[in-house]
1. Give the accessible area for residue 28 in Å² (nearest 10); use a 1.4 Å probe, count only protein heavy atoms, and leave out ligands, DNA and RNA.
2. On the first, second and third principal axes, largest extent first, how far apart are the outermost C-alpha atoms of segment 269-421 in Å?
3. Using 1/(1 + (r/R0)^6) with R0 = 51 angstrom and r between the beta carbons of residue 31 and residue 90, what's the FRET efficiency to the nearest 0.05?
4. Which of the lysines could be linked to residue 225 by a straight reach, that is with a Cα gap under 22 Å, when you skip same-chain ones fewer than 8 residues away?
5. Enter the mean projected area of the convex hull around the alpha-carbon atoms of segment 80-157, in nm², rounded to one decimal.
6. Picking from 108, 425, 349, whose Cα lies most toward the positive end of the charge dipole for the chain (charges on Cβ: Lys, Arg +1; Asp, Glu -1)?
7. Provide the three semi-axes, in whole Å and in decreasing order, of the ellipsoid equivalent to segment 213-314 as defined by the square roots of 5 times the Cα gyration tensor eigenvalues.
8. Within the chain, what whole-number % of the accessible surface is contributed by carbon and sulfur, with the 1.4 Å probe and all protein chains included in the calculation?
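The values are calculated or read from the model by the stated rules, or taken from the named source; none is laboratory data. Since the model is a prediction, treat every value here as computed from it, not as a measurement. Ideal geometry is used to build each Cβ from the backbone, glycine not excepted, and the neighbour counts take in all protein chains shown. The accessibility values were calculated without ligands, DNA or RNA, using every heavy atom of the protein model including side chains. Shrake-Rupley method; radii C 1.70, N 1.55, O 1.52, S 1.80 Å.
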Amino acid sequence: MASLYTKLVSGLLFPLHERLKHHHTVAVRQRMEASQWWSTERLAALQRERLRALLVKSQRDVPYYRDLFAKLGCDAVDIHSIDDLQRLPFLTKPIIRQNLEQLRSERAGALARFNTGGSSGEPLIFLIGKERISHDVAAKWRATRWWGVDIGDPEIVVWGSPIELTAQDRIRQFRDRLLRTQLLPAFEMSESKLDGFVDTIRRTRPAMLFGYPSSISLIARHAEKRGQAMNDLGIRVAFVTSERLYEHQRDDIARVFGCPVANGYGGRDAGFIAHQCPQGGMHITAEDLIVEIVDRDGQVLPRGAAGEVVVTHLATGEFPFVRYRTGDVAVLSDRVCACGRGLPLLEEIQGRTTDFVVAADGTIMHGLAVVYPIRDIPGIEAFKVVQETLLRVVVQIVPGENCGPQVETLIASGIKARLGQEVDVQVLRVADIPREKSGKYRYVQSLVVGG
């Protein structure tokens, strides 16, 4: 049962916060609370209606799509079904990079500038409007409530994105205190840091944890090694996202913290794609997202077959994401979840793995610690970081058009700043970086921690 403070935050303070930001999060979440119980057919009808509205708006207001429909010789009103969507080409990261302004709606107001975390080796800058933000926040909020927790319940967030780590100005700090959210940086995982994290979690007694599965499971194993009980804190759920969740990580988190683990799948670019309910189903946010699974040739695959996830986000009229290739590999399910929700399911999510790396002084860091120094350097098409020993790191890069001679120095200095000045960093320019068997790249591999 929610505390009076949680009811105050979720029912008054957070809605006021969203209204001041001109977001419609509360109304969207309320609609989603109802539509999650709709039949598959009714949800599909909603998707068709919203898809047609998005495409008509995109053709009218977005230069890129106006030109695209003209080149295809068709009209947005001719898209009558989800199958018709296959008449449109894919939207890819290179296309977005080359057409950033052309993808902006001419009727859009101020848009927020975002970039992907860079774990794909291909950092991507894109724009998001208030409609998209409202829908993404509402989808996450709805899924949070599936587990009996709400905004305003005490929360520990284990995260590593610089956006979250550098935005801690006074307003944000005040907001986080108000919402009872505390951030633990996932970059540095030394013994002393882990001791501090365990102490913080015990002192906070959060209702929920949120973060990378690799980081939360590492904290769990550390607490267990220290003989520190963590299953008496009243933690109700651990939400994990941004990486593939492995079963041993789920087992570690559940065993040590004494709570279920809820897997989430999505990204800054593609949106909040799916979240696990207490009955185990990975429910797609079908009100906002059309998910296709395609093979290497771009052909749509049937349910049960593994392929690349392609997303059409229906709340992106200000900067459309239509048939966006995520680079992730997953399987659509034909099952119906025991929870009774009509939302379709993902059967399996493959890929999305980021290793830890170890600094020269023994500090364990999230793999993103060596991704971020590289991702913002212009002129790099793709990269892979291999930590061969504590004192040697090899970075493969696929150079682009503007990859100047200073790139090697920038990469080396960025990694040395994280792992230690004594680390030898060798940068190799290559024509291509092979994929893993799953179809995804493995961008960070540490042989020190068992790569």
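1. Approximately 10 Å² for this residue.
2. Here the spans come out as 55, 37, 29 Å, largest first.
3. Numbers: r = 29 Å, r/R0 = 0.57.
So, using R0 = 51 Å, E works out to roughly 0.95.
4. Of all the lysines, those that pass the test against residue 225 - Cα under 22 Å, at least 8 places apart if same chain - are 193.
5. Values: hull surface 34.2 nm².
It is 8.5 nm².
6. 108
7. Values: eigenvalues 213, 39, 25 Å².
They are 33, 14, 11 Å, listed largest first.
8. Details: 10170 of 19680 Å².
Here carbon and sulfur together make up 52 percent of the probe-accessible area.
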